[in-house]
Structure formats: structure tokens, C-alpha cells
Amino acid sequence: MVVCLSAVAEAQDVRRVYQEYCASCHGPNLEGGLGGNLVDDVWKHGADDENIARVIRDGLPDAGMPGFGATLNDAQVRSLVVYILEMGTRAAMQRRDFNRPTPTTVSRREAHAFKLEVITDELEVPWSIAFLPDGRMLVTERAGRLRVIDKDKLLPDPIRGTPEVWARGQGGLLAVAVHPAYRENGWVYLAYSDPGAGGTAMTAIVRGRIRAGRWADEEAVFRIPESLYKRGGVHFGCRMVFHDGYLFFTHGERGAQDDAQDLTRPNGKVHRLHDDGRVPEDNPFANEADAFRSIWSYGNRNPQGLAWRPGTDELWETEHGPRGGDELNLIRAGRNYGWPVITYGMNYNGTPITGLTAKDGMEQPVIHWTPSIAVGDMAFYDGKAFPKWKGNLFVTALAAEEVRRLVLEGDRVTHQEILFKGIGRVRSIAVGPDGFIYLGLENPGRIVRLVSAE
Ligand code: HEC
């Protein structure tokens, strides 16, 4: 049985499908032959996903390309589209010379010039950054430490007494957030992978106060019954933002993709709570029998960024797709974001997930990145140091090692600029009180900031 299934998987592997049906005309490396070059970014018959899929399905009888709609199913066609775009991006990366900033160079980009300053390079996977009103910076290290940076100096000792975390795979100490009324109440929120029985773990949130270098007054904000905890080290989430007295946070689907559609499960969702952990009575599923009452949206795969757009009532989210189909979403109460019923991606091993990229009753992403950049954290820019970046959305990328600037008009993305690339996975981003952009990078774990160089 197992042999049988893996044989099916192999036959469906997109590289094999390509080699079997396409390579004879388009070349083993997509470089072209009888058929055109598929990686030169020249598209005679339409560059977008929909047109590429149409050509594969229907063929181009006049030009001599047969249609494959009868041989390949929609999911296989979709995976070929992802594969062609992946190979095209790889080829484009080799052609282009990207901006790789160093502390001694000035990066002149479209709207502003900046320099990159390294504040510390002594951290291990700096997962999240938050600022206290006095300017001190809190940084979580995924390994389980809450660190403080005071006047650009990393304090040698982590905060003592923070929760024990399940630091394996993608799990560990995740987001840190500071209550908007911190000056009055002193609350700091921590999201982390909470160890359960038998090697399981799930995302939990606590709040506490920092007193003389210690974590004090801890209260649980979000902790689910241990019977719902899961094994495996992927897709914990978790980002947190405050808005109007509520705490919004993301919870990855923990690798159990069908749970994202299951309202009785907390994973694969965006949630809303009061700041003390109570469930708001007007949450979209608060009155539905069996539903997880804190759910705000569902069908979310592995959200890594969450932010309110300044001056609006809009909650935005970034989420990792599988192989292809990383998403930028505008999150609305009660809506279904589709995973895994619809997606622009395929499985990591090249086998298809589904041919469906859209369906009634399911939300479309504002944009998707196919191939994946492994989209990470996000922040809207509302500082003063870079006036022409005001209102822009900045997103980070892990695998692609990028920071991107997105220009928005209404709820559309009209332009993307890669600010820099190739100096490490960019895990976290925050706009500082000084208006500079602070980033957490990996290998080595650094906190850097972009300062104006005009
Ligand atoms: C018998 C040869 C042949 C085979 C097999 C074939 N193609 Fe093509 N393909 C062509 C030709 C010819 C064109 C048209 C090129 C042109 O217009 O210059 C084309 C065009 C395309 C285009 C559009 C390119 C553009 O510039 O817009 C895509 C995408 C494409 N093929 C994908 C595939 C895929 C995927 C497969 C395998 C499932 C495949 N082809 C198999 C011959 C072939």
C-alpha cells in the first residue's frame, strides 16, 4: 500500500510530469527548443497564472503546442504553472544583481536612501520586536529568551522566569507585544509553543510584567485544553496586534491542513480576544455551537505577519503558502481564506494539492507570491524618518532573504520594490519610535536598523 502511494506521488511529481510531457519541446531546463523558452520572462500568450494554465490546458493549435487538458487534471496543470514560475524566478535571480547593504554602504532605492546599522549580532533567531514607551526594545529569541536592548546595547541577561517553551522545529518563543496602555498597566504579552504531554505542543499566550529583570504577575490569556495539542514542529503562528481594546493573533494550522476549515479547532485561524483573554460576545462564531469562540477568520495556513493599517479599520495578514501561493490577505470578520480547499501553491515534493485557486464563499488574497518568497513579518510605515514611505507596507521574507516595500492604493498593491536581498532570512520587522525600520535577521541572529542617508 505504502509503495503504491509513493509510486503515485512520484508519477505526480511536477518535475516528472514536466520531463514526460513538456521537455521534448521546451527543453529539459525549460530553455526552449521546438517550443518557446519558459524562463526568459518573455510571454507571448500572457504572463499571468491564468493564461499559462490556459495554454497548457487548451494548447496553441496554430503554433504547434498540443493541449493537455485531457491528459492532466487541473491540479497537475496548477503545479506546472507553479513550477514554470519557480524556474523563471530562479533564472531571473541569476541574471540580476541585488542590493546587499553593509554598514558602510548607502543603498539608494526608488524613494529613499538608507544605511544599515547593526545593533547586535549576538542573538539566536530574533523572532519578534516590540518597543516600550521609554524606547527600550524587547526581542524574543525563538530558543526561549526574552531580551532587552537599551540605548542600542543588548543587555547580557535575558528576562528571568519567562514561560518554558517547546523550542523545536518552528516552535519556541514567538511574538512579543506591548499593551497600548503599558504606561498605566505594564502588561507585556508573550506568544509561545507550549509543551503538552507526549511530545505535543500548541500555541499559548500569557501576559506579565517585567520587574527588575524578572517576568512577574503572569496571567494566561489564551491556553486551550491539552487534548487539542498536536505533535509535529510546524506552523504555530503566532503574531499579535492590539486594536480598540482587543487582542488579535494568528494561529498556524500545525501541519493539520484540514483543521483550518474546522471551526471546532483553534489552529489555522486568526483570533480575537479582549486584552485579558475573555471572548468578545460579538465575535463571528461566539454563538455557534461547538465553534471555537475566539475565531475571527479561518482557512489560514501559516500566518507570519499581522498588522492594522494606520488610519483605517483594516487588519492585514501575511501567510506562508506551501510551495507557491504565499499570501497577503485583508482579514475580515468571519471570512474563510480557503486553505487547503483553494491555494496558488503545490506540495513541497512537487505533487499537486488542488487545481482550485478560487471558490465561492472563499476569500482571494490581495496578492500572492508564486513562487514563494517565504513571506514573514509585516509592518505599515507611519514614521517620520522616511516621508515618502508613509503608508507603504513592508514585508520580510525568509527563504528569499528580502525586505519588500509594497505601495497600496485602496486595498490593491500597485507596486513592489525589493529594498534589499541576500544578507540572511528576515524574521521580524518593526518601525521604531525614531521612525527607523528595525529588522531581525538570522544566521547570525542580528537586529539591524535602516536609517535615513539623505
Ligand atoms: C509538441 C511540442 C510542445 C509540447 C510537447 C509542449 N509545448 Fe508548450 N509550446 C509549444 C509551442 C510551439 C509553443 C508556442 C511558442 C510560440 O508561440 O512561440 C508553446 C508555448 C507554450 C507556452 C506559452 C509560452 C509563451 O510565450 O506565452 C507555455 C506556458 C507552454 N508552452 C507550456 C508547456 C507545458 C507546461 C508543456 C507540457 C505539459 C508544453 N508546453 C508542451 C510546443 C510544445
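The values are calculated or read from the model by the stated rules, or taken from the named source; none is laboratory data. Nothing here was measured: the structure is a model prediction, and the numbers come from that model. Using ideal geometry, Cβ is built from the backbone for each residue, glycine included, and neighbour counts are taken over all protein chains shown.
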For the range 93-152, name all the residues that are among the basic types (K, R) and more than 24 Å from K421 (Cβ to Cβ). R136, R145, R147, K151
So, in the range 72-88, of the ones that are assigned to a helix (DSSP H, G or I) and within 9 Å of the ligand (Cβ to nearest atom), which residue ends up nearest to A374 (Cα to Cα)? Y83
Here the residues within the range 131-167 that are crowded, with 20+ Cβ neighbours inside 10 Å and among the small types (G, A, S) are A167
Could you figure out which of (1) loosely packed, with under 13 Cβ neighbours inside 10 Å; (2) in a loop (DSSP other than H, G, I, E, B); (3) more than 8 Å from the ligand (Cβ to nearest atom); (4) among the aliphatic types (A, V, I, L, M) isn't true of L34? (3)
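Okay, residues lined up against (1) modelled with pLDDT of 95 or more; (2) surrounded by 20 or more Cβ atoms within 10 Å (Cβ to Cβ); (3) on the phi < 0 side of the Ramachandran plot; (4) not in a loop (DSSP other than H, G, I, E, B):
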{"residue": "P101", "(1), (2), (3), (4)": "no, yes, yes, no"}
{"residue": "A111", "(1), (2), (3), (4)": "yes, no, yes, no"}
{"residue": "E117", "(1), (2), (3), (4)": "yes, no, yes, yes"}
{"residue": "D121", "(1), (2), (3), (4)": "yes, no, yes, yes"}
{"residue": "W127", "(1), (2), (3), (4)": "yes, yes, yes, yes"}
Based on this model, can you work out whether T250 counts as in a loop (DSSP other than H, G, I, E, B) and either closer than 28 Å to R412 by Cα or polar (S, T, N, Q) (or both)? no
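Would you pick out the residues in the range 160-184 that are in contact with a Cys (Cβ under 7 Å, 6 or more places away or on another chain) and either under 13 Å from M202 (Cα atoms) or β-branched (V, I, T) (or both)?
Of the range 160-184, the ones in contact with a Cys (Cβ under 7 Å, 6 or more places away or on another chain) are 174-175.
The one that is in contact with a Cys (Cβ under 7 Å, 6 or more places away or on another chain) and either under 13 Å from M202 (Cα atoms) or β-branched (V, I, T) (or both): L174.
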Regarding A374, is this residue without any contact (Cβ under 8 Å) to a residue 40 or more places away in the chain, surrounded by 16 or more Cβ atoms within 10 Å (Cβ to Cβ), among the small types (G, A, S) and not assigned by TED's automatic domain parsing to the domain that holds R78? no
Looking at (1) in contact with a Phe, Trp or Tyr (Cβ under 7 Å, 6 or more places away or on another chain); (2) within 24 Å of R239 (Cα to Cα), which is the only condition A385 fails? (2)
For V39, indicate whether it is more than 9 Å from the ligand (Cβ to nearest atom), farther than 30 Å from L441 by Cβ and buried (at least 18 other Cβ atoms within 10 Å of the Cβ). no
Restricting the range 48-71 to residues that are closer than 28 Å to W369 by Cβ and within 6 Å of the ligand (Cβ to nearest atom), the one surrounded by the fewest Cβ atoms within 10 Å (Cβ to Cβ) turns out to be L60
Identify all residues within the range 207-235 that are farther than 24 Å from G321 by Cα, in contact with a Lys or Arg (Cβ under 8 Å, 6 or more places away or on another chain) and part of a strand (DSSP E or B); write none if there are none. R214, W215, A216, D217, E218, E219, V221
